[in-house]
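Just below is one structure, and these are the notes that go with it.
The values are calculated or read from the model by the stated rules, or taken from the named source; none is laboratory data. Only a predicted model underlies this, so the values are computations on that prediction, with no experimental measurement involved. Backbone-built Cβ (ideal geometry, glycine too); neighbour counts: all protein chains shown.
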Amino acid sequence: MARSPKSFLGRAHPVADPRLPPGQYEESGFPVLSAEVTPRQSSDDWTMSVDGLVTETRSWTWDGLHDLPRSEYRGDIHCVTTWSKLGTSFGGVSLDVVLDAAGPLPEATHVVATSVTGYTTNLPLSHVRGGQAWLVWTHEEKALTREHGGPLRLLVPHLYFWKSAKWVTRLTLLDHDEPGFWERNGYHDLGDPWREQRYQGD
Ligand SMILES: Nc1nc2c(c(=O)[nH]1)N[C@H]1C(S)=C(S)[C@@H](COP(=O)(O)O)O[C@H]1N2
Ligand SMILES: [Mo]
């Protein structure tokens, strides 16, 4: 009797999607994770500033941001609570554009992103330059909803999603590292999902 092809081809476990970092599962929805109450501030009086160790502090209004060259991210996002959303998209402006406009001083090594709510997160400048980070206001072609950080959020998709500050209003360049909200509460300083840097000490 012929052996079932299953015994050759079947696998006890499905092969994990190579886009999933270790310990992550694919989530088809888009969960909301917020430490704060969603702010109500309207985009009409939104300002986005770049300050600290820069040649010139720069600020953009909502309209001003839309005059900058558009850039889109297509790919995956990874939350430290183990969900990953694969093959999604966000639109806005590359962080390189706003950083270049302000002109980081040579001694600048880190950046702290601040939300209108006071939420903060820290990033090495080397991880937000060179097409690795965005300021976004659309998700899958539609306006980013408030619960997901609209009108404006940071997007740093190669790091765990807590680095992507929702309702971002300010980037401050520093010559040293300064842990933000979750980093002071036990999360890893960098948060690389491929190295499973979830908590301090990982
Ligand atoms: N201002 C602010 N930004 C934030 C957070 C937050 O609580 N407040 N949570 C972070 C975390 S832990 C995650 S996983 C993502 C969640 O984004 P989402 O709610 O759009 O999925 O936002 C990040 N940015
Ligand atoms: Mo998260």
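Structural remarks
- The single condition among (1) outside any loop (DSSP other than H, G, I, E, B); (2) within 15 Å of ligand 2 (Cβ to nearest atom); (3) within 14 Å of the chain's Cα centre (by Cα) that Glu183 does not satisfy is (3).
- Residue that is nearest to Asp17 (Cα to Cα) [pool: residues in segment 76-91 that are surrounded by fewer than 17 Cβ atoms within 10 Å (Cβ to Cβ) and more than 15 Å from ligand 2 (Cβ to nearest atom)]: Leu86
- Qualifying residue in segment 46-60 (condition: within 25 Å of Glu140 (Cα to Cα), at pLDDT below 95 and not polar (S, T, N, Q)): no
- Every residue from segment 191-202 that is surrounded by 22 or more Cβ atoms within 10 Å (Cβ to Cβ) and assigned to a loop (DSSP other than H, G, I, E, B): Gly191
- Test: residue in segment 23-37 that is in a strand (DSSP E or B) and either without any contact (Cβ under 8 Å) to a residue 60 or more places away in the chain or surrounded by 13 or more Cβ atoms within 10 Å (Cβ to Cβ) (or both): yes
- Pairs with Cβ under 8 Å, 6+ apart, first in segment 144-162 and free of Cβ contacts under 8 Å to residues at least 12 places away in the same chain, second more than 6 Å from ligand 1 (Cβ to nearest atom) and not charged (D, E, K, R): Thr145/His139
- Of all residue pairs spaced 6 or more apart or on separate chains, none has beta-carbon atoms under 9 Å together with a first member in segment 51-71 that is closer than 11 Å to Leu135 by Cβ and among the small types (Gly, Ala, Ser) and a second member that is modelled with pLDDT under 95 and part of a strand (DSSP E or B).
- Strands (runs of 3 or more DSSP E) (entirely within segment 53-156) containing at least 2 residues that are closer than 25 Å to Ala35 by Cα, small (Gly, Ala, Ser) and within 16 Å of ligand 1 (Cβ to nearest atom): 83-94, 110-115
- Residue in segment 61-79 that is nearest to Gln24 (Cα to Cα), counting only those that are in contact with a helix residue (DSSP H, G or I) (Cβ under 6 Å, 6 or more places away or on another chain) and aliphatic (A, V, I, L, M): Ile77
- When segment 162-190 is limited to residues that are touching a Lys or Arg at 6+ places or on another chain (Cβ under 9 Å) and closer than 18 Å to Thr88 by Cα, the one that is surrounded by the fewest Cβ atoms within 10 Å (Cβ to Cβ) turns out to be Ser164.
- Test: residue in segment 113-127 that is among the aromatic types (Phe, Trp, Tyr) and crowded, with 18+ Cβ neighbours inside 10 Å: yes
- Search result, residues across segment 157-202 that are of a type in the set (D, E, K, R) and within 13 Å of ligand 1 (Cβ to nearest atom): Lys163, Lys166, Arg170, Glu183, Arg198
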